Amino acid sequence: MACNSSGCESGCYDREKDNGSKIVDDAVSGGGNHESVCVKCKCNAPMTFGDGGFDDGRFCADCFRNNVFGKFRLAVTSHAMITPSDNVLVAFSGGSSSRVSLQFVHELQIKALKNYEASRDRSLPVFGVGVAFVDETAAFPALSPEMIDAIEWVRYTVSCLSPPAKDLHVVPVESIFGSDSLDARDRLLKLLDSVPDDTGKEDLLLHLKMLSLQKVAAENGYNRLVLGSCTSRIASHVLTATVKGRGYSLSADIQHVDARWKVPIVLPLRDCVRLEITRLCLLDGLKTVELACRSQCGINDLVSSFVALLQEENPSRECTIVRTAAKLTPFYFNKIPETDDSNVPMATQRRLKRFNLKYDGSMTTEAFCPICNGPLNRSDSSELDTFEEGQESDVLYAACCSSCRFQILPQDGSSLEQFSSFLPDHMISQVKHQKVDSQAYLREKIKDCLLLDDEEVV
Amino acid sequence: MSSGEKMEAKSKKAGASRLCFLCNLRRPVLKRPKTLQQICRECFYEVFEEEIHQVIVQNRLFKSGERVAIGASGGKDSTVLAYVLSELNRRHNYGLDLFLLSIDEGITGYRDDSLETVKRNEVQYGLPLQIVSYKDLYGWTMDDIVKMIGLKNNCTFCGVFRRQALDRGATLLKVDKLVTGHNADDIAETVLLNILRGDIARLSRCTSITTGEDGPIPRCKPFKYTYEKEIVMYAYFKKLDYFSTECIYSPNAYRGFAREFIKDLERIRPRAILDIIKSGEDFRIATTTKMPEQGTCERCGYISSQKWCKACVLLEGLNRGLPKMGIGRPRGVNGDHKMEIKKPGSVAKSIESKQCGSLDF
């Protein structure tokens, strides 16, 4: 999936002509070349952002915006991310990527509304949009005042994106533990404290945030979850996953669509780089907020610094990283499930362009790690059956991927027991579900040769 | 460990065992880079050698009676490799005939010094030595090449030439297999490099412990899971004779980025090096990924996927005073209809996109 951002065309260190576009030798030397007209439309004056990034001063404001929005819209249509009957929840962190994704989804919605009102038969409904903000105060109690201000600001921002009006859901991350907030907050802190590794703790919190987003989406009737992940974030993820031994599940995380979850996740900004996104925010006056809890530590931080260093040396490096990872084989769940189409009118179905994802096509069922939801490499998952009679914590250990086992699960038996008791019910039930599933998986493969019914099998 | 560090270690461990983690008998003298266990010297030698033995056995790297050449540069990896392999060969009766094979690239002040080390190794380990030089094979030394092309792309020339030189040397020695001292750090760096540079074809091959089974000489890397730091530690404690300078022509290698990053990573989480290798092994890469079709070079008969092998292309460039020939993407080489460089996408990319750095494998 080529990132055809303007940045990829020019000044690569070793002259990569990756997407067949012209090599413009001058553009890499900081500050950009100073054409007097936009290189695309050749009429307007080019924008200069003065941020020292590449391709500064080449495009006019309109062409720049259209380029970014164009990539967003292409991703949405070719992967059937948002269709008229959908109810879409946009995850909003206050950062620039999710701000842009919120803005673009809003603009798509406005357009759909306009078409709806203008059409005679009103056959195509307008998709619904809601916004979710995860409140992490429980994990970072010291940041409470900052968080309160942030929520205020988020409320205001969402209220401005109307009409069409959008519901805002402020989701406390501890809500996955239940509705008793004091108890839930306590359990969250105990859970996080029992993780010995800093990077593991950070990653566990990310998994919990995703669970809370899934919870609010499912409970409020949304059928799509939009994340603002951009190329740059995905490039970092490729490296962190590699470095944590998560090479098998990597291809599941970086596609446009991730339908492993109850509410499928879509990434419409996947082909846009952070530089474009921050420039767009500047151009359109989109305000953002940077929360202190978003700073990284350990391995995640090291990788971010590494990517920043690589970017200095070659501004298209992020794109190359993502392009390489995109050549890995995705999973069967990396596209919108076909069954969803039953709600979509025939006319719309025909209009949808679907990319044919190159994967081996076999609908293998995968087992998933209960903590990170990563597909497990069957060859190195332990024999779950040997833990039939074992304790819950042993079963948990066997069910997890090797990366979670190392960086999230506590190493000694009693701490593991405790940890297990703090986990949200959803994750524990995943463990049991997985055990049953592997039997079901085997049965599925051979059932046409089985003579006896299930109950009769010894 | 300096006495200051020892004191610190002792006071930190007040109350904890002050004995080797593994044998519980002797005083620990080092912290094992791979596992951070505090162990004594003897136990270190034991785990180090045993782990390598297990890698050899589990991956079935050798068969009894094979003639095996050890790629020997005189550096720490190949010196330790020669030492350990001859030791394990004796101890576990692998039944191998071992040789040292060294390549003289013609780098004054670097290779001539390290070759002296290899000659000493020949005597110390009792392994016959064969030296193959670029001057004899190609008519050019790296000194000559760098004089002509400078310090950019020089690693590309050296890497391509070395690969062929090793194969030719192996043929001269009539060996069945070549072993190289590539260690876990090297392989982890290569995995990262291939991700950074978009080389999916190489990414799928670079974690294989044995390569080139369908070529002239299969090669394997017994040190695939061995940490560079542990190799250094082993050489240090055993007081092995090796040459420890970086190649004088390599300051600009892109691999340096990956190397620095891995060093930082190792400090936070030592097992990450093995995790990178694991990821590399687990990447879902379709086996239908375009692999080059194997043929032979028209000029020299060496294995090649193009009409001319890469070494011949580069040599032709050097001899004609066109040092850029064969470097970078093929854009239709001027006036060289003989070349007819096909453009099977990833093949050209994988051969030519390497600026400098490692052996082609």
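The values are calculated or read from the model by the stated rules, or taken from the named source; none is laboratory data. Worth saying up front: this structure is predicted, and the values here are computed from it rather than measured. As a convention, Cβ positions derive from the backbone with ideal geometry for all residues, glycine included, and neighbour counts pool all protein chains shown. Calculation scope for accessible area: heavy atoms of the full protein, side chains included, ligands and nucleic acids excluded. Shrake-Rupley method; radii C 1.70, N 1.55, O 1.52, S 1.80 Å.
Here are the numbers:
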| read-out | value |
| --- | --- |
| Residue identified as assigned by the TED database to the domain that holds A:ALA325, assigned to a strand (DSSP E or B) and touching a helix residue (DSSP H, G or I) at 6+ places or on another chain (Cβ under 6 Å) among A:LEU225, A:LEU192 | A:LEU225 |
| Single condition A:ARG260 does not satisfy, out of (1) open to solvent by 20 Å² or more (accessible area, probe 1.4 Å); (2) away from chain B (no Cβ under 14 Å); (3) more than 19 Å from A:ASP203 (Cα to Cα); (4) not in a helix (DSSP H, G or I) | (3) |
| Number of the exception - B:TYR234 against (1) open to solvent by less than 20 Å² (accessible area, probe 1.4 Å); (2) free of Cβ contacts under 8 Å to residues at least 12 places away in the same chain | (2) |
| Residue within the range A:330-337 that is open to solvent by 50 Å² or more (accessible area, probe 1.4 Å), within 14 Å of another protein chain (Cβ to nearest Cβ) and touching a residue at least 12 places away in the same chain (Cβ under 8 Å) present | yes |
| Helices (runs of 4 or more DSSP H) (entirely within the range B:42-142) containing at least 3 residues that are open to solvent by 20 Å² or more (accessible area, probe 1.4 Å) and at pLDDT 95 or above | B:76-91 |
| Qualifying residue in the range A:206-213 (condition: open to solvent by 20 Å² or more (accessible area, probe 1.4 Å), touching a residue at least 24 places away in the same chain (Cβ under 8 Å) and in contact with a Cys (Cβ under 7 Å, 6 or more places away or on another chain)) | yes |
| Number of the exception - B:CYS206 against (1) more than 14 Å from chain A (Cβ to nearest Cβ); (2) closer than 30 Å to B:ILE145 by Cα; (3) within 18 Å of the chain's Cα centre (by Cα); (4) open to solvent by less than 30 Å² (accessible area, probe 1.4 Å) | (1) |
| Given (1) part of a strand (DSSP E or B); (2) within 22 Å of A:CYS281 (Cβ to Cβ), number of the condition A:VAL170 does not satisfy | (2) |
| Qualifying residue in the range B:257-267 (condition: out of contact with any helix residue (DSSP H, G or I) (no Cβ under 8 Å at 6 or more places or on another chain), surrounded by fewer than 17 Cβ atoms within 10 Å (Cβ to Cβ) and more than 14 Å from chain A (Cβ to nearest Cβ)) | no |
| Enumeration of residues in the range B:276-289 that are under 12 Å from B:LEU192 (Cβ atoms) and at the interface with another protein chain (Cβ under 7 Å from one of its Cβ atoms) | B:ILE276, B:SER279, B:GLY280 |
| Test result for B:ARG163, touching a Ser or Thr at 6+ places or on another chain (Cβ under 6 Å) and part of a helix (DSSP H, G or I) | no |
| Criterion violated by A:VAL158 - all others in (1) in contact with a strand residue (DSSP E or B) (Cβ under 6 Å, 6 or more places away or on another chain); (2) outside any helix (DSSP H, G or I) satisfied | (2) |
| Number of the condition not met by A:GLY52 [criteria: (1) surrounded by fewer than 19 Cβ atoms within 10 Å (Cβ to Cβ); (2) in a helix (DSSP H, G or I)] | (2) |
| Of residues in the range B:176-203 being within 14 Å of another protein chain (Cβ to nearest Cβ) and part of a loop (DSSP other than H, G, I, E, B), the one modelled with the lowest pLDDT | B:ASP199 |
| Filter pass, A:LYS244 being open to solvent by 40 Å² or more (accessible area, probe 1.4 Å) and within 14 Å of chain B (Cβ to nearest Cβ) | no |
| Check on A:THR324, touching a helix residue (DSSP H, G or I) at 6+ places or on another chain (Cβ under 9 Å), within 14 Å of chain B (Cβ to nearest Cβ), surrounded by 23 or more Cβ atoms within 10 Å (Cβ to Cβ) and among the hydroxyl-bearing types (Ser, Thr, Tyr) | no |
| Residue in the range B:218-225 that is away from every other protein chain (no Cβ under 14 Å), surrounded by fewer than 21 Cβ atoms within 10 Å (Cβ to Cβ) and touching a strand residue (DSSP E or B) at 6+ places or on another chain (Cβ under 8 Å) present | yes |
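Yes/no per residue for (1) within 14 Å of chain A (Cβ to nearest Cβ); (2) modelled with pLDDT of 90 or more; (3) outside any loop (DSSP other than H, G, I, E, B):
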site: B:ALA253; (1), (2), (3): yes, no, no
site: B:ILE273; (1), (2), (3): yes, yes, yes
site: B:PRO292; (1), (2), (3): no, no, no
site: B:ALA311; (1), (2), (3): no, yes, yes
site: B:PRO323; (1), (2), (3): no, no, no
site: B:GLY332; (1), (2), (3): yes, no, no
site: B:LYS338; (1), (2), (3): no, no, no
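So that you can scan it fast, the table gives a plain yes or no per residue for (1) among the acidic types (Asp, Glu); (2) at pLDDT 95 or above:
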{"position": "A:VAL266", "(1), (2)": "no, yes"}
{"position": "A:ARG270", "(1), (2)": "no, yes"}
{"position": "A:LEU291", "(1), (2)": "no, no"}
{"position": "A:SER316", "(1), (2)": "no, no"}
{"position": "A:TYR332", "(1), (2)": "no, no"}
{"position": "A:ASP340", "(1), (2)": "yes, no"}
{"position": "A:THR348", "(1), (2)": "no, no"}
{"position": "A:THR365", "(1), (2)": "no, no"}
